[in-house]
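> Would you mind keeping the following structure in view while I ask a few things?
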Number of protein chains: 2
Amino acid sequence: MVKKPFPIVVGVSNRHVHLSREDVEILFGKDYQLTPIKDLGQPGQFACQETVTIVGPKGSIENVRVLGPERKETQVEISLTDAYRLGLNPPVRDSGDLEGTPGITIIGPKGQVTKDRGVIIAKRHIHMHTSDAEKFGVKDKDIVKVIVEKGDRKLIFDDVLIRVSDKFALEFHVDTDEANAALLKTGDIVYIVDF
Amino acid sequence: MVKKPFPIVVGVSNRHVHLSREDVEILFGKDYQLTPIKDLGQPGQFACQETVTIVGPKGSIENVRVLGPERKETQVEISLTDAYRLGLNPPVRDSGDLEGTPGITIIGPKGQVTKDRGVIIAKRHIHMHTSDAEKFGVKDKDIVKVIVEKGDRKLIFDDVLIRVSDKFALEFHVDTDEANAALLKTGDIVYIVDF
(Lines give C-alpha, C1' and ligand atoms only; values in the text may rest on other atoms or scores of the structure.)
Protein backbone atom coordinates (compact mmCIF):
# COMPACT_ATOMS: atom_id res chain seq x y z
CA MET A 1 0.00 0.00 0.00
CA VAL A 2 1.42 3.38 -1.02
CA LYS A 3 0.32 6.40 1.00
CA LYS A 4 0.64 9.88 -0.48
CA PRO A 5 2.35 11.95 2.21
CA PHE A 6 0.07 15.00 1.94
CA PRO A 7 -2.56 15.46 4.67
CA ILE A 8 -6.13 16.22 3.60
CA VAL A 9 -8.56 17.93 5.98
CA VAL A 10 -12.01 16.37 6.42
CA GLY A 11 -15.24 18.34 6.04
CA VAL A 12 -18.37 16.52 7.23
CA SER A 13 -21.51 17.64 5.39
CA ASN A 14 -24.73 17.45 7.35
CA ARG A 15 -27.97 17.47 5.38
CA HIS A 16 -28.42 20.80 3.57
CA VAL A 17 -30.21 22.64 0.80
CA HIS A 18 -28.96 24.80 -2.08
CA LEU A 19 -31.70 27.11 -3.36
CA SER A 20 -32.42 28.83 -6.65
CA ARG A 21 -33.37 32.53 -6.62
CA GLU A 22 -36.96 31.58 -7.46
CA ASP A 23 -37.19 29.15 -4.54
CA VAL A 24 -35.57 31.64 -2.11
CA GLU A 25 -38.39 34.05 -2.97
CA ILE A 26 -41.11 31.39 -2.61
CA LEU A 27 -39.77 30.17 0.77
CA PHE A 28 -38.59 33.44 2.31
CA GLY A 29 -40.39 36.19 0.39
CA LYS A 30 -39.92 38.45 -2.63
CA ASP A 31 -36.43 39.98 -3.02
CA TYR A 32 -35.28 38.12 0.11
CA GLN A 33 -31.49 37.84 0.52
CA LEU A 34 -29.90 34.87 2.33
CA THR A 35 -27.91 35.73 5.48
CA PRO A 36 -24.38 34.26 5.62
CA ILE A 37 -23.33 33.19 9.13
CA LYS A 38 -20.28 31.00 8.52
CA ASP A 39 -17.74 30.50 5.75
CA LEU A 40 -17.32 26.91 4.59
CA GLY A 41 -14.11 25.16 3.55
CA GLN A 42 -14.60 25.97 -0.13
CA PRO A 43 -13.94 29.61 -1.12
CA GLY A 44 -17.15 31.61 -1.60
CA GLN A 45 -19.41 28.97 -0.02
CA PHE A 46 -21.23 29.76 3.22
CA ALA A 47 -23.78 28.46 5.69
CA CYS A 48 -26.84 30.68 6.03
CA GLN A 49 -28.88 31.66 9.04
CA GLU A 50 -31.94 30.34 7.19
CA THR A 51 -33.26 26.81 7.65
CA VAL A 52 -36.14 24.93 6.02
CA THR A 53 -38.22 21.82 6.63
CA ILE A 54 -37.97 19.02 4.05
CA VAL A 55 -40.90 16.64 3.62
CA GLY A 56 -40.92 13.21 1.99
CA PRO A 57 -43.60 10.53 1.65
CA LYS A 58 -42.78 8.94 5.03
CA GLY A 59 -41.56 11.80 7.21
CA SER A 60 -40.09 15.24 7.50
CA ILE A 61 -36.92 16.82 8.89
CA GLU A 62 -36.88 20.30 10.38
CA ASN A 63 -34.05 22.82 10.69
CA VAL A 64 -32.25 21.83 7.50
CA ARG A 65 -29.52 24.37 6.82
CA VAL A 66 -29.53 26.47 3.66
CA LEU A 67 -26.09 26.89 2.06
CA GLY A 68 -25.16 29.81 -0.15
CA PRO A 69 -24.65 31.30 -2.60
CA GLU A 70 -27.82 30.65 -4.60
CA ARG A 71 -27.60 28.11 -7.41
CA LYS A 72 -29.19 27.77 -10.81
CA GLU A 73 -31.24 24.78 -9.58
CA THR A 74 -32.39 23.82 -6.10
CA GLN A 75 -30.57 20.76 -4.71
CA VAL A 76 -31.21 18.86 -1.47
CA GLU A 77 -28.33 16.77 -0.09
CA ILE A 78 -29.21 14.16 2.53
CA SER A 79 -27.68 11.04 4.01
CA LEU A 80 -29.11 7.59 3.28
CA THR A 81 -30.21 7.53 6.94
CA ASP A 82 -32.24 10.68 6.22
CA ALA A 83 -33.57 9.12 3.00
CA TYR A 84 -35.07 6.17 4.90
CA ARG A 85 -36.63 8.57 7.39
CA LEU A 86 -38.18 10.66 4.59
CA GLY A 87 -39.20 7.65 2.49
CA LEU A 88 -37.04 8.63 -0.51
CA ASN A 89 -34.59 6.64 -2.61
CA PRO A 90 -32.06 9.13 -4.00
CA PRO A 91 -28.95 8.01 -5.90
CA VAL A 92 -25.33 8.69 -4.90
CA ARG A 93 -24.41 11.58 -7.20
CA ASP A 94 -21.91 14.31 -7.81
CA SER A 95 -23.29 17.77 -6.99
CA GLY A 96 -25.29 19.25 -9.87
CA ASP A 97 -26.03 15.89 -11.54
CA LEU A 98 -29.79 15.87 -10.92
CA GLU A 99 -31.18 13.94 -13.91
CA GLY A 100 -33.66 11.33 -12.67
CA THR A 101 -33.33 12.22 -8.97
CA PRO A 102 -36.40 12.18 -6.73
CA GLY A 103 -38.33 15.30 -5.78
CA ILE A 104 -39.22 16.68 -2.35
CA THR A 105 -41.32 19.35 -0.66
CA ILE A 106 -39.47 22.24 1.01
CA ILE A 107 -41.20 24.46 3.58
CA GLY A 108 -39.97 27.92 4.54
CA PRO A 109 -41.41 30.65 6.76
CA LYS A 110 -43.21 32.39 3.88
CA GLY A 111 -44.19 29.51 1.61
CA GLN A 112 -43.51 26.04 0.35
CA VAL A 113 -42.41 24.49 -2.92
CA THR A 114 -42.60 20.95 -4.28
CA LYS A 115 -39.66 20.10 -6.54
CA ASP A 116 -39.97 17.24 -9.03
CA ARG A 117 -36.24 16.48 -8.78
CA GLY A 118 -33.14 17.54 -6.88
CA VAL A 119 -32.55 15.14 -3.97
CA ILE A 120 -29.16 13.40 -3.91
CA ILE A 121 -26.84 11.53 -1.59
CA ALA A 122 -23.54 13.28 -2.27
CA LYS A 123 -20.77 11.16 -3.74
CA ARG A 124 -17.77 11.39 -1.42
CA HIS A 125 -15.13 13.60 -3.00
CA ILE A 126 -11.96 15.58 -2.58
CA HIS A 127 -11.94 19.21 -3.62
CA MET A 128 -8.50 20.20 -4.91
CA HIS A 129 -6.92 23.32 -6.27
CA THR A 130 -5.18 22.77 -9.60
CA SER A 131 -1.83 22.98 -7.83
CA ASP A 132 -2.89 20.24 -5.38
CA ALA A 133 -3.87 17.96 -8.25
CA GLU A 134 -0.38 18.29 -9.70
CA LYS A 135 1.16 17.48 -6.33
CA PHE A 136 -1.05 14.40 -5.88
CA GLY A 137 -0.66 13.31 -9.50
CA VAL A 138 -4.41 13.14 -10.13
CA LYS A 139 -6.88 14.89 -12.41
CA ASP A 140 -10.53 15.98 -12.30
CA LYS A 141 -12.98 13.02 -12.13
CA ASP A 142 -10.33 10.49 -11.07
CA ILE A 143 -11.43 7.98 -8.42
CA VAL A 144 -9.09 7.40 -5.49
CA LYS A 145 -8.96 5.62 -2.13
CA VAL A 146 -8.74 7.49 1.19
CA ILE A 147 -7.48 5.96 4.45
CA VAL A 148 -8.70 6.84 7.95
CA GLU A 149 -5.89 5.84 10.29
CA LYS A 150 -7.07 6.99 13.71
CA GLY A 151 -9.92 5.99 16.01
CA ASP A 152 -11.86 2.78 16.68
CA ARG A 153 -13.44 2.57 13.23
CA LYS A 154 -10.50 2.79 10.86
CA LEU A 155 -11.29 2.12 7.22
CA ILE A 156 -10.35 2.82 3.61
CA PHE A 157 -12.94 4.63 1.50
CA ASP A 158 -12.90 3.64 -2.16
CA ASP A 159 -14.97 5.43 -4.84
CA VAL A 160 -13.72 8.88 -3.78
CA LEU A 161 -14.19 11.37 -6.61
CA ILE A 162 -11.50 13.95 -7.36
CA ARG A 163 -12.79 17.42 -8.23
CA VAL A 164 -10.23 19.95 -9.44
CA SER A 165 -10.69 23.69 -9.90
CA ASP A 166 -8.77 26.93 -9.45
CA LYS A 167 -11.59 27.87 -7.08
CA PHE A 168 -11.31 24.82 -4.78
CA ALA A 169 -9.38 24.33 -1.54
CA LEU A 170 -8.05 20.90 -0.53
CA GLU A 171 -10.78 19.16 1.46
CA PHE A 172 -12.31 15.66 1.73
CA HIS A 173 -16.11 15.81 1.88
CA VAL A 174 -18.19 13.01 3.40
CA ASP A 175 -21.75 12.90 4.65
CA THR A 176 -22.76 12.06 8.22
CA ASP A 177 -23.25 8.32 7.57
CA GLU A 178 -19.74 8.09 6.16
CA ALA A 179 -18.27 10.23 8.94
CA ASN A 180 -19.99 8.15 11.63
CA ALA A 181 -18.91 4.85 10.06
CA ALA A 182 -15.30 6.04 10.45
CA LEU A 183 -15.70 8.25 13.57
CA LEU A 184 -14.53 11.19 11.44
CA LYS A 185 -15.13 14.80 12.36
CA THR A 186 -14.60 18.04 10.49
CA GLY A 187 -10.93 18.98 10.81
CA ASP A 188 -9.60 15.41 11.01
CA ILE A 189 -6.80 14.39 8.66
CA VAL A 190 -6.88 11.62 6.04
CA TYR A 191 -4.57 10.45 3.23
CA ILE A 192 -4.89 9.14 -0.31
CA VAL A 193 -3.63 5.57 -0.66
CA ASP A 194 -3.05 3.31 -3.62
CA PHE A 195 -2.68 -0.49 -3.86
CA MET B 1 -3.98 -7.61 -1.17
CA VAL B 2 -5.01 -11.17 -0.31
CA LYS B 3 -8.73 -11.95 -0.32
CA LYS B 4 -10.02 -14.97 1.58
CA PRO B 5 -12.27 -16.78 -0.90
CA PHE B 6 -15.14 -17.45 1.51
CA PRO B 7 -18.26 -15.25 1.19
CA ILE B 8 -19.68 -13.71 4.38
CA VAL B 9 -23.30 -12.59 4.55
CA VAL B 10 -24.05 -9.09 5.85
CA GLY B 11 -26.55 -8.40 8.63
CA VAL B 12 -27.42 -4.72 9.13
CA SER B 13 -28.43 -3.92 12.72
CA ASN B 14 -30.91 -1.11 13.14
CA ARG B 15 -31.14 0.49 16.59
CA HIS B 16 -32.47 -2.03 19.13
CA VAL B 17 -32.81 -2.87 22.79
CA HIS B 18 -31.97 -6.02 24.78
CA LEU B 19 -33.94 -6.13 28.04
CA SER B 20 -33.41 -7.78 31.42
CA ARG B 21 -36.32 -9.71 33.01
CA GLU B 22 -36.73 -6.90 35.53
CA ASP B 23 -36.98 -4.23 32.81
CA VAL B 24 -39.41 -6.34 30.71
CA GLU B 25 -41.72 -6.37 33.73
CA ILE B 26 -41.36 -2.62 34.36
CA LEU B 27 -41.99 -1.72 30.69
CA PHE B 28 -44.60 -4.34 29.73
CA GLY B 29 -46.09 -5.58 33.04
CA LYS B 30 -45.55 -8.30 35.67
CA ASP B 31 -44.81 -11.79 34.26
CA TYR B 32 -44.94 -10.39 30.70
CA GLN B 33 -43.35 -12.62 28.03
CA LEU B 34 -41.76 -11.11 24.89
CA THR B 35 -43.38 -12.16 21.57
CA PRO B 36 -40.93 -13.45 18.93
CA ILE B 37 -41.89 -12.43 15.39
CA LYS B 38 -38.72 -13.12 13.37
CA ASP B 39 -35.60 -15.26 13.78
CA LEU B 40 -32.32 -13.37 13.37
CA GLY B 41 -29.12 -14.61 11.70
CA GLN B 42 -27.64 -15.85 14.98
CA PRO B 43 -29.20 -19.10 16.35
CA GLY B 44 -31.64 -18.46 19.21
CA GLN B 45 -31.82 -14.69 18.65
CA PHE B 46 -35.10 -13.13 17.54
CA ALA B 47 -36.86 -9.82 16.88
CA CYS B 48 -39.88 -9.22 19.11
CA GLN B 49 -43.23 -7.69 18.36
CA GLU B 50 -42.57 -5.25 21.22
CA THR B 51 -41.07 -1.82 20.70
CA VAL B 52 -40.08 0.96 23.12
CA THR B 53 -39.30 4.66 23.05
CA ILE B 54 -35.77 5.71 24.05
CA VAL B 55 -35.19 9.17 25.48
CA GLY B 56 -31.94 11.10 25.75
CA PRO B 57 -31.12 14.66 26.85
CA LYS B 58 -31.75 16.15 23.38
CA GLY B 59 -34.43 13.97 21.83
CA SER B 60 -36.26 10.69 21.70
CA ILE B 61 -36.76 7.88 19.18
CA GLU B 62 -39.97 5.86 19.02
CA ASN B 63 -40.60 2.31 17.77
CA VAL B 64 -37.22 0.92 18.80
CA ARG B 65 -37.32 -2.87 18.35
CA VAL B 66 -36.81 -5.18 21.33
CA LEU B 67 -34.61 -8.21 20.55
CA GLY B 68 -34.83 -11.48 22.46
CA PRO B 69 -34.11 -13.54 24.39
CA GLU B 70 -33.86 -11.53 27.60
CA ARG B 71 -30.36 -10.73 28.86
CA LYS B 72 -28.78 -10.38 32.27
CA GLU B 73 -28.44 -6.60 31.76
CA THR B 74 -30.39 -4.18 29.58
CA GLN B 75 -28.39 -2.88 26.59
CA VAL B 76 -29.36 -0.23 24.03
CA GLU B 77 -27.55 -0.33 20.68
CA ILE B 78 -27.78 2.80 18.52
CA SER B 79 -25.91 4.37 15.63
CA LEU B 80 -23.80 7.49 16.07
CA THR B 81 -26.45 9.30 13.99
CA ASP B 82 -29.01 8.26 16.63
CA ALA B 83 -26.61 9.31 19.40
CA TYR B 84 -26.44 12.89 18.07
CA ARG B 85 -30.24 12.97 17.82
CA LEU B 86 -30.61 11.77 21.43
CA GLY B 87 -27.77 13.92 22.77
CA LEU B 88 -25.67 10.99 23.98
CA ASN B 89 -22.00 10.15 23.51
CA PRO B 90 -21.72 6.35 23.72
CA PRO B 91 -18.46 4.51 22.95
CA VAL B 92 -17.92 1.92 20.20
CA ARG B 93 -18.06 -1.35 22.17
CA ASP B 94 -18.42 -5.08 21.89
CA SER B 95 -21.83 -6.31 23.06
CA GLY B 96 -21.97 -6.81 26.84
CA ASP B 97 -19.04 -4.47 27.59
CA LEU B 98 -21.05 -1.78 29.39
CA GLU B 99 -18.58 -0.36 31.94
CA GLY B 100 -18.67 3.44 31.79
CA THR B 101 -21.33 3.65 29.06
CA PRO B 102 -24.02 6.36 29.23
CA GLY B 103 -27.51 5.75 30.57
CA ILE B 104 -30.88 6.36 28.94
CA THR B 105 -34.61 6.38 29.68
CA ILE B 106 -36.73 3.62 28.12
CA ILE B 107 -40.52 3.96 27.88
CA GLY B 108 -42.86 1.01 27.37
CA PRO B 109 -46.66 0.72 27.35
CA LYS B 110 -46.86 -0.09 31.08
CA GLY B 111 -44.01 1.91 32.56
CA GLN B 112 -40.63 3.50 32.12
CA VAL B 113 -37.14 2.93 33.47
CA THR B 114 -34.04 5.12 33.60
CA LYS B 115 -30.82 3.11 33.27
CA ASP B 116 -27.55 4.59 34.52
CA ARG B 117 -25.57 2.70 31.87
CA GLY B 118 -26.08 0.44 28.86
CA VAL B 119 -25.96 2.53 25.66
CA ILE B 120 -23.36 1.49 23.09
CA ILE B 121 -22.50 1.88 19.44
CA ALA B 122 -21.81 -1.71 18.42
CA LYS B 123 -18.28 -2.50 17.26
CA ARG B 124 -18.51 -4.01 13.79
CA HIS B 125 -17.88 -7.72 14.01
CA ILE B 126 -18.07 -11.09 12.31
CA HIS B 127 -19.86 -13.90 14.09
CA MET B 128 -18.23 -17.24 13.26
CA HIS B 129 -18.81 -20.83 14.19
CA THR B 130 -15.67 -22.57 15.50
CA SER B 131 -15.42 -24.43 12.20
CA ASP B 132 -15.53 -21.12 10.24
CA ALA B 133 -12.69 -19.72 12.36
CA GLU B 134 -10.51 -22.70 11.43
CA LYS B 135 -11.33 -22.22 7.75
CA PHE B 136 -10.51 -18.48 7.88
CA GLY B 137 -7.43 -19.01 10.06
CA VAL B 138 -8.58 -16.55 12.73
CA LYS B 139 -9.46 -16.75 16.43
CA ASP B 140 -11.86 -15.06 18.84
CA LYS B 141 -11.05 -11.34 19.37
CA ASP B 142 -8.84 -11.05 16.28
CA ILE B 143 -9.24 -7.85 14.26
CA VAL B 144 -9.60 -8.17 10.47
CA LYS B 145 -10.39 -6.09 7.40
CA VAL B 146 -13.54 -6.60 5.31
CA ILE B 147 -13.93 -5.48 1.69
CA VAL B 148 -17.16 -4.27 0.05
CA GLU B 149 -16.69 -4.83 -3.68
CA LYS B 150 -20.04 -3.84 -5.19
CA GLY B 151 -21.99 -0.61 -5.49
CA ASP B 152 -21.12 3.08 -5.71
CA ARG B 153 -19.58 3.33 -2.24
CA LYS B 154 -17.01 0.55 -2.18
CA LEU B 155 -14.71 0.50 0.85
CA ILE B 156 -12.59 -1.62 3.16
CA PHE B 157 -13.65 -1.73 6.80
CA ASP B 158 -10.76 -2.11 9.24
CA ASP B 159 -11.26 -2.71 13.00
CA VAL B 160 -13.64 -5.62 12.42
CA LEU B 161 -13.81 -7.83 15.51
CA ILE B 162 -13.90 -11.62 15.16
CA ARG B 163 -16.26 -13.40 17.56
CA VAL B 164 -16.09 -17.19 17.62
CA SER B 165 -18.52 -19.60 19.28
CA ASP B 166 -20.12 -23.01 18.69
CA LYS B 167 -23.41 -21.10 18.89
CA PHE B 168 -22.63 -18.54 16.15
CA ALA B 169 -23.40 -18.60 12.43
CA LEU B 170 -21.14 -16.83 9.92
CA GLU B 171 -22.39 -13.23 9.60
CA PHE B 172 -20.88 -9.70 9.34
CA HIS B 173 -22.73 -7.23 11.56
CA VAL B 174 -22.69 -3.50 10.90
CA ASP B 175 -24.94 -0.70 12.09
CA THR B 176 -26.97 1.55 9.80
CA ASP B 177 -24.30 4.28 9.55
CA GLU B 178 -21.74 1.71 8.40
CA ALA B 179 -24.21 0.04 6.04
CA ASN B 180 -25.20 3.37 4.49
CA ALA B 181 -21.58 4.49 4.08
CA ALA B 182 -21.03 1.38 1.93
CA LEU B 183 -24.56 1.00 0.48
CA LEU B 184 -24.73 -2.41 2.19
CA LYS B 185 -27.96 -4.26 2.86
CA THR B 186 -28.75 -7.38 4.83
CA GLY B 187 -27.97 -10.38 2.65
CA ASP B 188 -25.12 -8.75 0.70
CA ILE B 189 -21.79 -10.58 0.48
CA VAL B 190 -18.40 -9.33 1.71
CA TYR B 191 -14.92 -10.85 2.08
CA ILE B 192 -12.05 -10.72 4.57
CA VAL B 193 -8.90 -9.20 3.07
CA ASP B 194 -5.35 -8.85 4.31
CA PHE B 195 -2.51 -6.56 3.20
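The values are calculated or read from the model by the stated rules, or taken from the named source; none is laboratory data. Just so it is clear, the model here is predicted, and its values are computed rather than measured. Here Cβ is always computed from backbone atoms with ideal geometry, including for glycine, and neighbour counts include all displayed protein chains. Quick note on the areas: whole protein, heavy atoms, side chains included, nothing else; ligands and nucleic acids left out. Shrake-Rupley method; radii C 1.70, N 1.55, O 1.52, S 1.80 Å.
> Compute the semi-axes of the equivalent ellipsoid of segment B:7-164, taking the square root of 5 times each eigenvalue of the Cα gyration tensor, and list them largest first in whole Å.
On the way: eigenvalues 170, 69, 42 Å².
Output for segment B:7-164: semi-axes of 29, 19, 14 Å.
> Starting from a label point 7 Å past Cα on the Cβ side, list the distances from residue A:151 to the same position in the other copies, nm, shortest first.
Ordered by increasing distance: 1.8 nm.
> Okay, moving on. So if R0 is 25 Å, what FRET efficiency would residue B:3 and residue B:97 give, r being the distance between their Cβ atoms, rounded to the nearest 0.05?
Working: r = 30 Å, r/R0 = 1.21.
Efficiency, rounded to the nearest 0.05: 0.25.
> Select from segment A:6-82 those trypsin sites (Lys or Arg not before Pro) which occupy a DSSP coil region and have at most 13 other Cβ atoms within 10 Å, ordered by residue number. Spell out each step's value before the answer.
Numbers: sites: A:15, A:21, A:30, A:38, A:58, A:65, A:71, A:72; in loops: A:15, A:30, A:58, A:71, A:72.
Taking segment A:6-82 and a limit of 13 other Cβ atoms within 10 Å, the loop trypsin sites (Lys or Arg not before Pro) found are A:30, A:58, A:72.
> Suppose we keep just the DSSP beta bridges with both residues in the protein assembly as shown; what percent of those would be antiparallel, to 5?
Working: 71 of 101 bridges.
Given both bridge residues lie in the protein assembly as shown, the antiparallel proportion sits at roughly 70 percent.
> Whenever you get a sec, compute what percent of the accessible area on segment B:15-120 sits on carbon and sulfur atoms (1.4 Å probe). Walk me through the numbers on the way to the answer.
Values: 2420 of 5180 Å².
That share works out to 47 percent.
> Compute the projected area of the convex hull of the Cα atoms of the protein assembly as shown, averaged over all viewing directions, and report it in nm² to one decimal place. Kindly include the intermediate steps, with their values, before the conclusion.
Details: hull surface 81.0 nm².
Mean projected area of the Cα convex hull: 20.3 nm².
> Sticking with this structure for a sec: Say a paramagnetic label sat at a point 7 Å from the Cα of residue B:112, along Cα to Cβ; which residues of segment B:63-87 have their backbone N under 16 Å from it?
B:63-64, B:86-87
> Only sites in a loop by DSSP and with at most 15 other Cβ atoms within 10 Å count here; which trypsin sites (Lys or Arg not before Pro) in segment A:97-139 make the cut? Could the numbers behind the result be given before it?
Values: sites: A:110, A:115, A:117, A:123, A:124, A:135, A:139; in loops: A:110, A:117, A:123, A:124, A:139.
For trypsin sites (Lys or Arg not before Pro) across segment A:97-139 that sit outside H, G, I, E and B with at most 15 neighbouring Cβ atoms in 10 Å, the list reads A:110, A:139.
> Among residues other than residue B:113 whose Cβ falls under 12 Å from its Cβ, what is the net charge (Lys/Arg +1, Asp/Glu -1)? Numbers along the way, then the final one.
On the way: positive: B:110, B:115; negative: B:22, B:23, B:25, B:116.
Local charge sum for residue B:113: -2.
> Determine ³J(HN,Hα), in whole Hz, for all residues of segment B:167-180 in sequence, where each value follows from phi through the Karplus function 6.51 cos²θ - 1.76 cosθ + 1.60 and θ = phi - 60°; x replaces Gly and Pro.
Values per residue, Gly and Pro as x: 9, 9, 10, 5, 6, 9, 9, 10, 8, 5, 4, 5, 4, 5 Hz.
> What fraction, in whole percent, of alpha-carbon pairs in segment A:1-74 exceed 17 Å separation?
Details: 1414 of 2701 pairs.
When all Cα pairs of segment A:1-74 are counted, 52 percent exceed 17 Å.
> Where both residues lie in chain B, what percent of DSSP beta bridges are antiparallel, nearest 5? Please list the in-between numbers first.
Working: 34 of 49 bridges.
Once the DSSP bridges in chain B are tallied, antiparallel ones form about 70 percent.
> 5 Å is the cut-off here: which amide hydrogens, built 1.01 Å from N in the peptide plane, fall below it relative to residue B:160, excluding neighbours closer than 5 in sequence?
Here the answer is B:144, since their amide H atoms fall under 5 Å of that of residue B:160.
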